[in-house]
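Student: Can you read through this structure? Questions will come right after.
The values are calculated or read from the model by the stated rules, or taken from the named source; none is laboratory data. Computed from a predicted structure; not experimentally measured. Methodologically, a virtual Cβ is constructed for each residue, glycine included, from the backbone with ideal geometry; neighbour enumeration extends over all protein chains shown.
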Amino acid sequence: MPPRIQIFQASTLYGAATLAAALDAGQFGPRADSRRILLVCNNAPVPETAAGLDAMLGYDRIAARFDSVISWNETIRPYHPGAWGPRAEDVVLWQRALRLAWGLGEEPVELVLESIQVDPARALAAIFSESTLHVYADGLMSYGPTRTRLPQSIGCRVQRVLHLDLVPGLRPLLLSEFDVAPELVPADAFRKVLGEIADSADGDPALTEAVAQAPTAVLLGQYLAALDILTVDEEEDLHIRMLRGAARAGHTSVLFKPHPTAPARYSDALDRAAAETGVRLVTTDTPLLAETLFERCAPSLVVGCFSTAMLTAAVHYGIPVARVGTGLVLERVAPYENSNRVPLTIVDHLVPDLEGHGGGDVSPLPDSAPATLGPLVRTVGYCMQSGLHPELRGEAENWLRERLDGSTRHYFKRRRLGKLSLPGGSAQGAAARLRRTVRRTRNTLRV
């Protein structure tokens with residue numbers, strides 16, 4: 001048996017494709033030196049009713065890179081992957097149980113995890129408490145701060161953050177409080193994996209029908225109502241606005257890819273809107289990556305709210321992208337620390353607004369991020385997690401003094417700025433911070 005066991009945890013095909021590209025690029029060493037296990041997790045609210053990673057078209061191509069595949073859902077059933085973690089006193093027993101169930105023996109284990117701040121990644125890191133950790137990011141959240149403060153026992157074991165260069169020139173904040181170095185997954189390796197996934201979808205009837213309609217615009221649905229950011233009616237209206245914006249820009253054949261958890265009524269509403277605007281609409285609910293549509297349909301426009309697939313389309317396919325509704329979602333997303341805030345900020349700052357564009361052509365994004373983006377993201381990141389990044393306070397103060405105006409105010413909340421005693425904050429927030437400081441001081445003196 002090889003001297004090392006590597007366990008790769010994945011819950012999405014996009015994330016698994018990122019892992020596959022990293023493996024192909026040799027970022028985890030030669031395959032002969034390790035036994036590689038793909039640990040599949042279905043983190044949907046009701047996993048039994050949602051298509052998992054292993055049901056996606058192209059999954060087989062990814063799975064072939066591993067020596068075995070294990071279901072985390074089956075391992076911990078009946079518990080939910082996102083809601084279960086071992087008790088501190090049980091971690092040794094759990095490691096023994098998993099080593100026995102998965103045939104790991106006593107060999108050393110390396111863990112490659114996504115979303116290290118939450119379960120199941122955090123549960124795995126606790127169970128294999130002596131293991132080296134590698135974190136990979138399958139989206140824009142890596143550019144934001146770590147969602148919660150991690151225990152030192154976990155943070156100090158993380159060797160690197162692997163991520164795609166979705167915003168060229170922008171450095172991730174994720175785990176930077178532990179001085180973890182970010183490492184790029186090569187773009188050519190990732191694009192090659194996306195091509196493999198698209199090839200495996202050839203012959204699928206739904207995809208064949210979609211390609212035959214020759215759509216020139218692809219609309220990307222998300223699951224904002226499921227996250228309680230928008231109401232169902234508001235999210236339905238968001239998709240209709242995407243369709244009408246694409247029609248105004250001259251697109252007469254449009255493909256809508258809903259999120260797998262979206263209700264069927266979205267498609268019905270879009271069908272009615274398409275009939276009203278004279279647009280030929282095809283909706284695909286086939287379990288495939290949006291990138292497969294980019295490969296096979298070669299659209300000239302991709303529209304979304306703040307989906308990672310928008311940046312993939314722009315960076316890896318050179319397709320012009322446009323946003324709809326990003327400002328509304330920025331206003332609604334709560335609390336301020338919500339991890340979606342940085343992806344929203346990036347898309348809002350980089351991607352043109354389809355509804356504010358006058359219906360003209362949308363140009364491709366520049367090859368590198370504008371100089372204004374990094375300081376903005378770091379300022380938003382500091383406001384989200386000031387305790388993790390005190391070194392960013394000076395830059396945040398300067399940015400807010402110099403750049404906070406009507407065009408940037410929507411990235412911040414007055415109360416949040418006041419709570420942190422930052423320029424542009426409300427007096428109410430500053431007063432609340434002062435009261436907490438007085439309380440802490442009084443309690444300290446009493447002790």
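Student: Of the conditions (1) at pLDDT 95 or above; (2) loosely packed, with under 15 Cβ neighbours inside 10 Å; (3) more than 24 Å from GLU291 (Cα to Cα), ASP188 fails just one. Which one is it?
Tutor: Of everything listed in (1) at pLDDT 95 or above; (2) loosely packed, with under 15 Cβ neighbours inside 10 Å; (3) more than 24 Å from GLU291 (Cα to Cα), ASP188 misses just condition (3).
Student: It is to be established whether one or more residues within the range 15-32 are touching a residue at least 40 places away in the same chain (Cβ under 8 Å) and of a type in the set (Ser, Thr, Tyr).
Tutor: Within the range 15-32, one or more residues are touching a residue at least 40 places away in the same chain (Cβ under 8 Å) and of a type in the set (Ser, Thr, Tyr).
Student: Hey, another quick one. Given the criteria among the polar types (S, T, N, Q) and under 18 Å from the mean Cα position of the chain (by Cα), does SER200 qualify?
Tutor: no
Student: Of all residues in the range 1-23 being farther than 15 Å from LEU111 by Cα and surrounded by fewer than 18 Cβ atoms within 10 Å (Cβ to Cβ), which is modelled with the highest pLDDT?
Tutor: PRO2
Student: Among PRO45, PRO81, which is assigned to a loop (DSSP other than H, G, I, E, B) and in contact with a His (Cβ under 9 Å, 6 or more places away or on another chain)?
Tutor: One residue alone meets the criteria, PRO45.
Student: Hey, can you tell me all the residues within the range 194-220 that are closer than 27 Å to VAL362 by Cβ, in a helix (DSSP H, G or I) and not small (Gly, Ala, Ser)?
Tutor: Residues satisfying the conditions are LEU194, ILE197, LEU207, GLU209, VAL211.
Student: Still on this structure, I have one more. Being at pLDDT 85 or above and under 24 Å from ASP54 (Cβ atoms) is the filter here, so list the residues in the range 263-289 that pass it.
Tutor: THR283, THR284, THR286, PRO287, LEU288, LEU289
One line per residue, one yes/no per condition, for (1) touching a residue at least 40 places away in the same chain (Cβ under 8 Å); (2) crowded, with 18+ Cβ neighbours inside 10 Å; (3) more than 21 Å from LEU140 (Cβ to Cβ); (4) under 25 Å from the mean Cα position of the chain (by Cα):
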site	(1), (2), (3), (4)
ALA371	no, no, no, yes
PRO375	no, no, no, yes
MET384	yes, yes, no, yes
HIS389	yes, yes, no, yes
ARG393	no, no, yes, no
GLU397	no, no, yes, no
LEU400	no, yes, yes, no
ASP405	no, no, yes, no
LYS413	yes, yes, no, yes
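Student: I would also like to ask the following. If ALA210 meets every condition in (1) closer than 26 Å to ALA371 by Cα; (2) at pLDDT below 95; (3) touching a strand residue (DSSP E or B) at 6+ places or on another chain (Cβ under 8 Å) apart from one, which number is that one?
Tutor: For ALA210, the exception is condition (1).
Student: So, GLU234, is that one within 21 Å of ALA51 (Cβ to Cβ) and in a helix (DSSP H, G or I) or not?
Tutor: So GLU234 fails the test.
Student: Filter the range 60-78 for residues that are within 22 Å of ASP119 (Cα to Cα) and within 22 Å of the chain's Cα centre (by Cα) and give the result.
Tutor: SER71, TRP72, ASN73
Student: For the range 144-161, enumerate the residues that are out of contact with any Ser or Thr (no Cβ under 9 Å at 6 or more places or on another chain) and under 15 Å from GLU337 (Cβ atoms).
Tutor: Within the range 144-161, THR148, ARG149, LEU150 qualify.
Student: Ok, one more. Restricting the range 48-78 to residues that are outside any helix (DSSP H, G or I) and of a type in the set (S, T, N, Q), which is surrounded by the most Cβ atoms within 10 Å (Cβ to Cβ)? Give the derivation first.
Tutor: Initially, the range 48-78 is screened for residues outside any helix (DSSP H, G or I), giving 50-52, 56-58, 64-71, 77-78.
When the remaining residues are screened for being of a type in the set (S, T, N, Q), the result is 68, 71.
Details: SER68: 12, SER71: 18.
Looking at the filtered set, the residue picked out is SER71.
Student: Do you know which residues across the range 334-369 are touching a residue at least 60 places away in the same chain (Cβ under 8 Å), within 18 Å of LEU219 (Cα to Cα) and touching a Pro at 6+ places or on another chain (Cβ under 6 Å)?
Tutor: VAL362
Student: On to the next question. Taking the condition in the same structural domain as GLU235 (by TED's automatic domain parsing), aliphatic (A, V, I, L, M) and at pLDDT 95 or above, does LEU220 pass?
Tutor: Working: in the same structural domain as GLU235 (by TED's automatic domain parsing): yes; aliphatic (A, V, I, L, M): yes; at pLDDT 95 or above: yes.
Taking the combined requirement at face value, the residue satisfies it.
Student: Please work out which residue is nearest to ALA10 (Cα to Cα), limiting yourself to the range 87-145 and to residues that are assigned to a loop (DSSP other than H, G, I, E, B) and among the charged types (D, E, K, R).
Tutor: Here the residue is GLU114.
Student: Does the range 93-105 include one or more residues that are of a type outside the set (A, V, I, L, M) and within 26 Å of ALA21 (Cα to Cα)?
Tutor: The answer is yes, given that some residue of the range 93-105 is of a type outside the set (A, V, I, L, M) and within 26 Å of ALA21 (Cα to Cα).
Student: Here is a further query. With the condition being closer than 22 Å to GLU209 by Cβ, I'd like the helices (runs of 4 or more DSSP H) fully within the range 263-376 carrying at least 1 qualifying residues.
Tutor: Fully inside the range 263-376 and qualifying: 265-277, 290-297, 308-317.
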